[in-house]
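Participant: Take this structure, written in structure tokens, and hold onto it; I'll ask about it next.
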Amino acid sequence: MRFSLPSSLSLGLVALLSLSGCGFSGSAAGTKQAASTDQRIVVDNFRAPVANWALESDAAYILSLSGCLETLTRYDESQGKIVPSLATEWKQVSPLEWDFTIREGVKFQDGSVLNADAVVGSLRNVLNADVPARAFSPKVVSAVKALDDHTVRVTTPTESPLVPYRLASVNTGVLSPAAFQGETVDPFGHCTGPFKPVSEKPKQSLTLDRNEDYWGGEVQLAGAEIRFITDGATRTAQVQTGEADVSLSIPVSGLAALEGDSNVKVLKADSPRTATLYMNNGKAPFDDVDFRKAVRSALDLDALAASVYEGAAVAASGPFAPSEPWAIEGAEAPKQDLEAAKKLLASAGYSADRPLEIVAIVERAEFADVATVIQDNLKAVGVPVKIQTKEYAAVEPDLLSGNYDMVLSQRNRLIDIADPIGFLTADYTCDGTYNLSHFCNAEYDKKVAQAAKTPDAEERYKLYAEAGQILQDQAVNVWLVNEQAIDAVRTDLQAHVQDPLSRYVLRADTAKSGS
Amino acid sequence: MPFLARRTAALVAAVLLASFTVFLIPYVTPGDPVRKIIRSRVAGDVIDDSAVDALSLQLGLNDPLWTQYLRWLGRLGSGDMGLSYTSRTPVADQVLPALWITLSLVVLALGTAVAISVVLGVAAALQEGRPADRVITAVTQAFIALPEYWLAPLFVLVFALQLSLLPSAGWEGPLSAVLPVAVLALRPTSYFTSAVREGVLEALSAEHVAAARSRGLSHLQTVWKHVIPNGLLPLTTLVAVWFAGLLGGSVIVEVIFAIPGMGRLLFDGVLNSDIPLAQGAVVVVVGLAVLLTTAADLVHGILNPQIRMSHA
């Protein structure tokens, strides 16, 4: 029998727990009901909102994946392009101005009408935040104003084709004016999405009910609970027990158990994260391209993906994942070639006069093992390496100032917007604010600058691929493995579509079959 | 009273010392605390210097350390723990619910530990040297060596995954408390059992026990009236010490079982350089710890006149 306990012990626990104010809904989690439209589901998310519900913070991701918060535009992963959401269309009316037409007939969950004034108020709240979101900050957006009841104009400080991408960022989600009346943002009843947040247990969960008046069609689920569970093993266990219907970001260690469970479906997708061996191009011996190529030839990326990542990552063919629309055409993951590596080392005039240092960031537990594999691979070609494990915060000043040899890190290319321009600019241009590699190449900078002004997505993506090819030709870093986003869902969940960035989980058509 | 005055002074000193230590953590550990605060709000590596400057100014983090600390202390004096750096909500609003949850968890764990250890400890002492004593001692000693981070996943595997008897995590009702309470209770049970066994053995050899037997009391009556009450005396201090330790030390159990208690609050506060939050949590935990150990000493003194006299 499930969840049985001697009544005397239960009573004792009830007495004490009722004092602590916690509810008694736990035993219902995971139980099945008959009618599918009466179903509620549980989603285990890997983070809790730390900045209350401030839209400029990561809390916006939680409101978005919960089906509460919606944006003017949305990035459609399957089409690889921006599609309408709360805005039906948009156009660039001058080099610095974009006009967005607001969808008619949409109401906030509090009954107020979505119009241009409401959108402007919500966007200005993010723009004027003390720490604005990178996707929508005064550096990239200079003004937002309502032209009429259904038109919002966004002005940029420099010409940018990426404004529709910025308005797909979850940080630019729209809440009704009533959400901004207090000292902190109040999303309860103030979204436009298919689900309406009704209660919150701080640091534990967010409960949502179906939005009966959703503009985008009938909502299939009666409601949902988003649980904030930071421990990956716990998320893995909960989807196995049926306590959760969806568990996001499953750790590699839980993969084997889930793949052997017939009640659970494991979903994998290329994530925009590539584990990378950053090399300090500004410091000898890494200032010689042949030496950097030698390092790349010495590494066995397939073995790394299979061993340390246990198959939850694939060997990287360059700075982008192969499934990304801007991936380098025909690129293949470099194969280990120790003889070629030795020749390149000789060509670079390398002498092992000091051991080189790899810094493995402790926040990524697997990097210590990755560093050990790299150490072994480089030792085989006569390059001695020592490993240092450090906290990222401790090593960041050295990385930015160029006082290091190699560091293992991984970046999310699409963390700001669904376009890699921010990543390519910050990380690899001569003036990049996060140029850890200390790489500088005029041809590369020219490509990126040209891409930044190219409105046509396909042309822009082609320029990104060309810029990526330069990085690969110059062996700026060794892109080790493309990490996979791994989620797990119960098999009775229907119409679930995995989003590698966990922005969209609960949708109007998400459903659960009855028992 | 000198004893209470000494303990009050100790309480104030401990709170000041602990809060100042916590206050210094972000500054003595590597990395810029302001960047840590920003990263706790917005994931990602790239941080604009302008955002760092703006937040430093807003939070007053450019002021000298002493000024910042005294400002916090002044507010605390008027009962205000300040605003969290990350959520910008009152720290007290986060600390009090978390404290209530952890208190429930710890009371349940220690209550369970005391109940089990009294039975086991007395039984082991009364069976000294026999197989029952050896088994109880061996098992409880083994549990001392098992850390919570190993036990917790094991319990989840057995009771949630394999047997489907209990929820694997959460703080949603009485059943969700069973596994974390069991994990938290195991080690104190081991220590308490050992203490009770030693206490009972010592009481059994006391002269007044022999005198009671010579007055014609049965063995059971002697044990019940004279041995157990004295044998359990060491438990009062031990329980108070464990209570204080678990208030802030249940972090691993709270993280694994997704319980939003004090341990997790403190952990998050330090991790995110949320100094007011960490300080608020520490002040409450340390204050309660000193109060509890003081209360335990007073109780111990009442039960044991020799101690009361030495305090006087």
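The values are calculated or read from the model by the stated rules, or taken from the named source; none is laboratory data. It should be emphasised that the depicted structure is a prediction, and the values quoted were computed from it without experimental measurement. Heads up, the Cβs are rebuilt from the backbone with ideal geometry, glycines too, and the neighbour counts pull from every protein chain shown.
Participant: Among the residues of segment B:31-55, write down those that are at the interface with another protein chain (Cβ under 7 Å from one of its Cβ atoms), of a type in the set (A, V, I, L, M) and buried (at least 19 other Cβ atoms within 10 Å of the Cβ).
Facilitator: Correct list: B:I38, B:V42, B:A51, B:L55.
Participant: A follow-up question, please. Checking the conditions here, which among B:L179, B:L165 is modelled with pLDDT of 90 or more, within 14 Å of chain A (Cβ to nearest Cβ) and buried (at least 23 other Cβ atoms within 10 Å of the Cβ)?
Facilitator: B:L179
Participant: Got a sec? Which of B:S87, B:S117, B:S19 is within 11 Å of another protein chain (Cβ to nearest Cβ) and among the polar types (S, T, N, Q)?
Facilitator: Among B:S87, B:S117, B:S19, only B:S87 is within 11 Å of another protein chain (Cβ to nearest Cβ) and among the polar types (S, T, N, Q).
Participant: Only one of B:A258, B:A244, B:A240 is under 23 Å from B:L151 (Cβ atoms) and more than 14 Å from chain A (Cβ to nearest Cβ); which?
Facilitator: That would be B:A244, the only listed residue that is under 23 Å from B:L151 (Cβ atoms) and more than 14 Å from chain A (Cβ to nearest Cβ).
Participant: Considering only segment A:402-447, how many residues are of a type in the set (V, I, T) and closer than 13 Å to A:P161 by Cα?
Facilitator: So the count comes out to 2.
Participant: Which of the numbered conditions does A:E183 fail, given that it passes all the others? Conditions: (1) touching a residue at least 60 places away in the same chain (Cβ under 8 Å); (2) farther than 21 Å from A:P420 by Cα; (3) acidic (D, E).
Facilitator: Just one mismatch for A:E183, condition (1).
Participant: Report, by residue number, each residue of segment B:231-270 that is out of contact with any Gly (no Cβ under 6 Å at 6 or more places or on another chain), more than 17 Å from B:L103 (Cα to Cα) and not hydrophobic (A, V, I, L, M, F, W, C).
Facilitator: Answer for segment B:231-270, where residues must be out of contact with any Gly (no Cβ under 6 Å at 6 or more places or on another chain), more than 17 Å from B:L103 (Cα to Cα) and not hydrophobic (A, V, I, L, M, F, W, C): B:T236, B:T237, B:D268, B:G269.
Participant: If you don't mind, there's one more thing I want to ask. Among the residues of segment A:191-250 satisfying the criterion of being among the hydroxyl-bearing types (S, T, Y), more than 9 Å from chain B (Cβ to nearest Cβ) and within 20 Å of A:Q498 (Cα to Cα), which is surrounded by the most Cβ atoms within 10 Å (Cβ to Cβ)?
Facilitator: A:S247
Participant: Take the residues in segment B:61-92 that are touching a helix residue (DSSP H, G or I) at 6+ places or on another chain (Cβ under 7 Å) and aromatic (F, W, Y); name whichever of them is nearest to A:W53 (Cα to Cα).
Facilitator: The residue in question is B:Y85.
Participant: So for segment B:272-282 (the condition being within 14 Å of another protein chain (Cβ to nearest Cβ), in contact (Cβ under 8 Å) with a residue 40 or more places away in the chain and closer than 25 Å to B:S176 by Cα), does at least one residue qualify?
Facilitator: Yes, segment B:272-282 has at least one match.
Participant: Collect the residues in segment A:353-365 that are in contact with a Leu (Cβ under 9 Å, 6 or more places away or on another chain) and at pLDDT below 90, keeping them in residue-number order.
Facilitator: A:I361, A:R364
Participant: Select from segment A:474-486 the residues that are at pLDDT 95 or above and not in a loop (DSSP other than H, G, I, E, B) and list them in ascending order.
Facilitator: Hits for segment A:474-486 are A:N477, A:V478, A:W479, A:L480, A:V481.
Participant: Those residues that are closer than 21 Å to A:K196 by Cβ and in a loop (DSSP other than H, G, I, E, B), I need them from segment A:500-515; list them, please.
Facilitator: A:S502, A:R503, A:Y504, A:V505, A:L506, A:R507, A:A508, A:D509, A:T510
Participant: Hey, another quick one. Which number in (1) closer than 20 Å to A:V50 by Cβ; (2) surrounded by 17 or more Cβ atoms within 10 Å (Cβ to Cβ); (3) at pLDDT below 85 marks the one condition that B:Q58 misses?
Facilitator: With respect to (1) closer than 20 Å to A:V50 by Cβ; (2) surrounded by 17 or more Cβ atoms within 10 Å (Cβ to Cβ); (3) at pLDDT below 85, B:Q58 is out only on (2).
Participant: To continue, here is another question. Please report, ordered by residue number, the helices (runs of 4 or more DSSP H) entirely within segment B:1-86 with at least 3 residues that are touching a residue at least 40 places away in the same chain (Cβ under 8 Å) and under 28 Å from A:S137 (Cβ atoms).
Facilitator: Hits in segment B:1-86: B:33-41.
Participant: Still on this structure: Looking only at residues that are within 14 Å of chain B (Cβ to nearest Cβ) and either modelled with pLDDT of 95 or more or assigned to a loop (DSSP other than H, G, I, E, B) (or both) in segment A:251-273, which one is nearest to A:R411 (Cα to Cα)?
Facilitator: Within segment A:251-273, the match that is nearest to A:R411 (Cα to Cα) is A:P251.
Participant: Name the residue that is nearest to the chain's Cα centre (by Cα), counting only residues in segment A:391-411 that are buried (at least 17 other Cβ atoms within 10 Å of the Cβ) and within 11 Å of chain B (Cβ to nearest Cβ).
Facilitator: Residue satisfying both the conditions and the ranking: A:R411.
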